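To start, the structure itself, in structure tokens.
Values in this text are rule-based calculations from the coordinates and carry no lab data. These numbers were taken from a predicted model, which means no experiment stands behind them.
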Amino acid sequence: MLSSCGSTSEIPTSTSAQNNISYLALGDSYTIGESVAEQERWPVQLTQKLRDSAYSVQSPKIIARTGWRTDELLTAMDEQLGEEKYDLVSILIGVNNQYQGRDLEQFQEELELIIQQAIQKSKNGAENVFVVSIPDYSVTPFAQGSNVDEIAHEIMVYNERCMVTSSNYGVKYFYITDISEEAATNPNLVAGDGLHPSGEMYHLWVERIFPEVKQMLAE
């Protein structure tokens, strides 16, 4: 599913201007933007919206790959993160744990480790780290023929763990799953692969996330 090609990515930073705010985006296919153009990835759209609001923001460092579970993201973080700290850190992970039927308790344990490391990599600690909920892919063409009610229920359970764990660490939690469910009646919200969000859906996520991210950076 969520296991076709993908890669870690760091979009080149413009050399024509001094950029101040640094942003680390951690995740899987939803963060790397499987099946959409680079500029349509939601971390890139968020960065651009901040720039449009007169923030000076570096291009995001994205550590994400299609198909990654929490354990694989942790390994990549260990391999790729050095001593640098970031002004903003986002996390969106877990759909592949669900899809592959992995142990829920293991997911929570690994999510906690990811959040702990994200806090350590944040210049402002937990205050500038946020978790994004897992989209509900049961409404996509890809899932038709599967037990969509079971998928939707499991995604809900995983998101409950994400929400509670985020709260336990004082990390902001953004719920976008209801937006993903709009794909049931709006095919424009699904990318050409019939599974992942389109740039239009990612735009809706950013519209929801942006006001509070802006507030986080202003504090």
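Work out, step by step, the length gained on full extension between Asn186 and Ala54: first 0.36 nm times the residue separation, then minus their alpha carbon distance; give nm to one decimal.
44.3 nm
Compute the angle between helix 70-80 and the longest alpha-carbon principal axis of the chain, please, reported from 0 to 90 degrees and rounded to the nearest 10.
The helix 70-80 is inclined about 30 degrees to the chain.
How far is the Cα center of segment 155-218 from the Cα center of segment 35-74, in Å?
Segment 155-218 and segment 35-74 have Cα centres separated by 13 Å.
Mean residue ellipticity at 222 nm from the helices of the chain, using -39,500 (n - 2.57) per DSSP H segment of n ≥ 4 over the full residue count, to the nearest 500 deg cm²/dmol?
-13000 deg cm²/dmol
Rounded to the nearest 10 degrees, what's the angle between the helix 148-168 long axis and the longest principal axis of the chain, both from Cα atoms, 0 to 90?
30 degrees
Let me make sure I get this right: for segment 20-78, a, b and c are the square roots of the gyration tensor eigenvalues over alpha carbons, sorted descending. Under 1.5 in a/c it's rounded, otherwise prolate if a/b > b/c, else oblate. Which is it?
In terms of gyration-tensor shape, oblate.
For segment 96-107, take each phi angle, set θ = phi - 60°, evaluate the Karplus expression 6.51 cos²θ - 1.76 cosθ + 1.60, and give the result in whole Hz per residue in order, putting x for glycine and proline.
For segment 96-107, the Karplus-derived couplings read 6, 4, 5, 4, 8, x, 6, 5, 5, 5, 5, 4 Hz, x marking Gly and Pro.
Residue separation times 0.36 nm, minus the C-alpha to C-alpha distance between Gln100 and His203: what's the value?
Result: 34.3 nm gained on full extension.
Please list the non-local residues whose amide H lies under 5 Å from the amide H of Tyr173, H modeled 1.01 Å from N, same-chain partners needing a gap of 5 or more.
Val131
How large is the convex hull of the C-alpha atoms of the chain per residue, in Å³?
Measuring per residue, one finds 112 Å³ for the Cα hull of the chain.
To test your reading of the geometry: what angle, between 0 and 90 degrees and rounded to tens, separates the Cα axis of helix 42-52 from the longest principal axis of the chain?
Tilt relative to the chain: about 40 degrees.
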